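J.: Below you will find the structure I want to go over with you.
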Amino acid sequence: MSSIALPEAASAQPARPEKKGLSSWQTWGIIMITPYVLVFLIFVVYPVGYGLWLARHPESYVKLYNDPVFFRSVVNTLVFLVIGINIKMVIALFLSGFFVTKRFWIRWLSLLFILPWAMPSIPTILSLRFMLNPEWGLINSLIFRFTAEDGPNWLNNPELALTLAIMTHIWKSLPFWTLILVAGRLAIPGELYEAASVDGASSWQKFRFITWPSMKTLYLTSTILSMIWTLGDFNSVYLLTGGAPADLTHVLATLGIRYLRLDEVDMSMASIVVALPLMLPLVYFMMKRLSK
C-alpha cells in the first residue's frame, strides 16, 4: 500500500503582527501642516488669548455698556448682517442664473463684473469716498452741472452713510458669491431642465422645483459664511465713513479700532469679545450644515 505524503506541520510560533507605520502621504501631510499649526498658534491663538486676558476685567464691560456708541454699533452691525447680507445673496442668486447663459458677450461682461472683487479694497473704496465728497466729488459735480444745484452731503447723514457703506460692501463682495452660486448651478444636470422644458415648465417652475432644491444647501451655507466674514470685516465702513458722522456709523468691527485710537486697549478687546455671541452661533450652524 502506497503511503500518502503529508505536508509538514506548520510552525507553532505565532505570526508577528505587521508594523503599521505612516504612509508617505501621511508623512508629507504632517510636514506640510506643521508650519500652518505653528503660525496658527503664534498669530491666532496667542493674540486671541492675550486679548481675552486684557478684557478680563468686568469694569471694561460696564464702561462699554454705558457708552452710547456701543449700542449704536450693535444696531448697525445687525442691520448690516440681516439686511445687507440677504440683499447681496439674493442678487447673487439672480445674477448666477444670468451668467450661466451661454452668450459670448456675457463672458466678456463677467470679466468686468469680477473686477471690483479682484481689486484691493483700499483704492476702490477710497475712490468711492472721494467721489462722494460734497465739495469737489464727481457725483456732486455732475449734479451741479446738470441741475445747477448743490448735491447732498452724502456721508454727513448717519442713515445715508450707513446705507452707502452697505451698498459698497455689496458692490465689493457680490462677484465672489455670484461665482460660488454659478458653480452650484453648473453642477445641476442639464437633463433635468430639458425634461422640464418637454413637460412645458415655465422658468419660475424650473427654478422652484430644480434649481432651488439643488442649491438650497449651498445658498444657506454661503449666507452664513458671508455673515461670519462680514462680522469681522471693517473695510467697507472704516474706509468709506470712518465711523462718521459723530461715530454713528460704526459697526463692532470698527468700534475696536475707535477704542485703539483712543488708547483704550481693554475697551477694544471687550468690544471684540461681545461680538462672540453673534459669531459663535453662526459658526455652529455652518459646521452643522457642512456635516450633513
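The values are calculated or read from the model by the stated rules, or taken from the named source; none is laboratory data. Bear in mind that the values here come from a model prediction, so they are computed numbers and not experimental data. Counting neighbours? That spans all protein chains shown, and the Cβs are built from the backbone with ideal geometry, glycine included.
J.: Helices (runs of 4 or more DSSP H) wholly in segment 83-148 with at least 1 residues that are small (Gly, Ala, Ser), closer than 13 Å to Thr178 by Cα and without any contact (Cβ under 8 Å) to a residue 60 or more places away in the chain - which ones?
T.: Where helices (runs of 4 or more DSSP H) fall fully within segment 83-148 and carry at least 1 residues being small (Gly, Ala, Ser), closer than 13 Å to Thr178 by Cα and without any contact (Cβ under 8 Å) to a residue 60 or more places away in the chain, they are 104-118.
J.: So the check is Cβ under 7 Å with 6+ separation or different chains; which pairs have a first residue in segment 59-70 that's more than 17 Å from Gly243 (Cα to Cα) and a second one that's at pLDDT 90 or above and of a type outside the set (A, V, I, L, M, F, W, C)?
T.: Note: no pairs meet the criteria.
J.: State whether one or more residues within segment 34-56 are under 17 Å from the mean Cα position of the chain (by Cα) and either without any contact (Cβ under 8 Å) to a residue 40 or more places away in the chain or surrounded by 15 or more Cβ atoms within 10 Å (Cβ to Cβ) (or both).
T.: no
J.: Among the residues of segment 147-157, is there at least one that is at positive phi and either over 20 Å from the mean Cα position of the chain (by Cα) or exposed (fewer than 15 other Cβ atoms within 10 Å of the Cβ) (or both)?
T.: yes
J.: Might you let me know whether segment 256-264 holds any residue that is in a helix (DSSP H, G or I), touching a residue at least 24 places away in the same chain (Cβ under 8 Å) and either over 21 Å from Leu52 (Cα atoms) or in contact with a helix residue (DSSP H, G or I) (Cβ under 6 Å, 6 or more places away or on another chain) (or both)?
T.: No.
J.: Also, I was wondering about something else. Of Phe99, Phe80, Phe70, which residue is farther than 30 Å from Ile272 by Cα and surrounded by 16 or more Cβ atoms within 10 Å (Cβ to Cβ)?
T.: Result of the check over Phe99, Phe80, Phe70: Phe99.
J.: Just one of (1) out of contact with any Phe, Trp or Tyr (no Cβ under 7 Å at 6 or more places or on another chain); (2) β-branched (Val, Ile, Thr); (3) assigned to a helix (DSSP H, G or I); (4) farther than 21 Å from Met286 by Cβ trips up Ile210, so point out which.
T.: (1)
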